[in-house]
1. Per q in 0.16, 0.21 Å⁻¹, report the Debye log10 I(q)/I(0) for the range 389-514, using one uniform scatterer on each alpha carbon and no solvent.
2. For the range 545-615, I need the span (max minus min coordinate) of the C-alpha atoms along each principal axis, in Å, sorted largest to smallest.
3. Take the range 141-277, compute every pairwise Cα distance, and split them into 10 Å bins from 0; I just need the percent in each bin.
4. Below 18 Å, Cα to Cα, which aspartates and glutamates can residue 353 reach? Residues fewer than 8 away in the same chain don't count.
5. Could you do me a favour and compute the accessible area per residue for the range 334-491, 1.4 Å probe, result in Å²?
6. Kindly write out, for the range 152-168 in residue order, the coupling ³J(HN,Hα) from the Karplus curve 6.51 cos²θ - 1.76 cosθ + 1.60 (θ = phi - 60°), rounded to whole Hz, with x marking Gly and Pro.
7. For the pair residue 175 and residue 75, what calculated FRET efficiency results from E = 1/(1 + (r/R0)^6), where r is the Cβ-Cβ distance and R0 = 60 Å, to the nearest 0.05?
8. Take the eigenvalues of the Cα gyration tensor for the range 63-198, scale each by 5, and report the square roots as semi-axes in whole Å, largest first.
Amino acid sequence: MKTKFTFSVLAAAVLVACVAGCNSPTADAIPEGTTVKLSLLETTDIHQNLLSYNYYSLAADTSLGLERTASLIKAARAENPNTVLLDDGDNIQGTLLGDFQAVATPVTCGQTLALHKVMNALQYDGGGVGNHEFNYGLPFLSQVTNTDFGIPGVNKGTGCGAPNYPLVLTNVDGVSSGKPIFNPYALLDKSFVATKPDGVTTLVKIKVGILGFVPPQILQWDQKNLEGKVVVNGVVESANKYIPEMRSKGANVVVALSHGGLDASAYSPKMENGSLHLTKTDIDALMVGHSHLVFPMAKETGGPKLDVSLSSLPADQVDGVKGLVNGVPTVMGQSWGRRLGIISMTLAYRSGKWVVQKDLTTVEARGFKYTDGSTLVAAEPSIAPLIDTEHKATIAYASQPLGTSTEFPMSAYFALVGDVSAIQIVNQAQQDYVRTQIASNPTLAAYKNIPVISCSAPFKAGRNGPTDFTDVAPAATPASVFALQVRNPGDLYVFGNNNLQAVKIKGVDLKAWLEIPAGQFAQINPMLTTEQDLVPSYSTIFNFDVFYADNNGLKYEIDVTKPKGSRIANLTYNSVAVDPAADFIVATNDFRAGGKLIPALDGSTIILKSPDANQAIVADYIKKSGPKLTLAANGASRPWSFVKTTTAGPVFLRVTTGKLAVAQAQNLPRVVSETGLDANGFGKYRIDLSQ
Ligand code: MG
Ligand code: MN
């Protein structure tokens, strides 16, 4: 009691002294017309890609990794000392390193995630939170961020290893507390070098306010972790709730870290990619992510143009060259550390206020080859030693044998043109699991006579660049036998924290569902003599569900000449046209079962919520299918094909270069030849749709 009293008196004395002697000396000293140029730096969707290394193939991959982004950060800091380094979320999940530290051997409170060790060393100023941060559950997230969520039953230890910079999340509240689970915003006090009108430099203090947003869909995607515990509010409502408070506390610049993409459709508090609408709130800069795309288009020679899903945004709102959305500078730094977003803004001191000089703003999504379009930046050498122990332990974990071999390579290179070598085994595992549950669980007895089918997608099929493809036997020739390891199910099923769920739907729903993957294709005009890109955007390729039933019993065709939504033809089950009123049970994952891709996937049709992860179910199925998986039994079904179409001009698909032999080994004659590289380094393969 005595100690406390003494402290209060002291604190009051210090406060009085300050009111008298230190009232804003810097602000008073800034001459009118002083300017400061600051660079807001963004990483997004790192997904545990810390080193330039692929744990699924156990091989270096120089196209990705935060150790190389670190070199971009260093260069940006050399160009301008006034930087604010921010992360836009989706960082703790995504590679075997993430699974290793969260599931296989979870870090304890006393340890710091390898990810956060690296980010702390890079001296991040602040970070947002992505949807994938919730994948390992609230207790884990609470611990590894050392954040008390105020949620009953979610108890972290004291002083856990965590980021040494603030994390913000503006639109997620605890149900019982009614308060944000993370700080809804942070005000970063930065000292920057400014230039006075006489040309002399001076240090000034700038308050950078940051907010963070996640898609409301986390409530469906991570229902098992979040149901009844958190609510998600609309991004615009949440921004408008806190920005006035940030401004009144002196924020000179407000930056939204929005883990969501750009979607110009009418605003709804429920929309997944609501970032564009944040430009109508009082923000100065917008950092976006979640879509794993490049915005604005790359400046380097031959760098990526805007993804088709961004280039179709209304030009009166979105300038994809300058990086402006409704006049607000906006950046998206792709994913996996492959780009650094840089928003450079100039502020001028006018009448006691810092005012953004809008015409001096530049925006860039800088890649590893930014200097000349071909020279790769080196990895920053100080990063790898920080996490050497975790890196080696992950490799050892990844290399443990499963005890089963495969006689055929399982790859997703040609999944978009019919190869199921990386998908069928997942579907077989899911189907087997659901059948076993129905046969053994009395509460599911009512479903005994309903056909059980399964769907899964090529989750790694080019979304994150030309090396982003599932390839389970990278070093093996088709004829050799490849011993499967722990890392392989992760390559086949990259979302390690999806849990299996099953839905009961009607034939009419099945057809509607199939239209979603069919919609990934461009509408092909058979009369065109010019080149046509069969899959113009890879940004939602994880929605390319491929269905499966025993004995290739489910068949369907996709007519790419038809508009989206009316492409499915000749849908049959056991050679009979599917009755719209017939029942089917579909084995899938929790992300999909309640993900509302179609109205029937609204959660009401779920009959089974498994506590088991799809990835673990695949691993178990592979083990029990040993000693050897065969192409005939596990990888050669052909559930779907294109409606045969002869085109006047060439149609092509973008895949890793040098993989024509894979298509030939899979007996896919519609893959004719490889004809060159596109600007992003994808091989272009000619596809004959009449095959
Ligand atoms: Mg995301
Ligand atoms: Mn992501």
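1. Results for the range 389-514 at q = 0.16, 0.21 Å⁻¹ read -0.94, -1.29.
2. The principal-axis extents, from largest down, are 39, 29, 27 Å.
3. All Cα pairs, binned at 10 Å, distribute as 12, 34, 32, 15, 6, 2, 0 percent.
4. Within the straight-line cut-off, residue 353 pairs with 28, 32, 189, 245, 282, 284.
5. Here the residues of the range 334-491 average 36 Å² of exposed surface.
6. These are the phi-based 3J(HN,Hα) values: x, x, 9, 10, 8, x, 9, x, 5, x, 6, x, 9, 10, x, 9, 10 Hz.
7. 0.85
8. In descending order, the three semi-axes are 29, 20, 12 Å.
The values are calculated or read from the model by the stated rules, or taken from the named source; none is laboratory data. Note that this is a predicted model, so its numbers are computed, not measured. Quick reminder, even Gly has a Cβ in these numbers, built from the backbone with ideal geometry, and neighbours come from all protein chains shown. Accessible surface areas use protein heavy atoms only, side chains included; no ligands, DNA or RNA. Shrake-Rupley method; radii C 1.70, N 1.55, O 1.52, S 1.80 Å.
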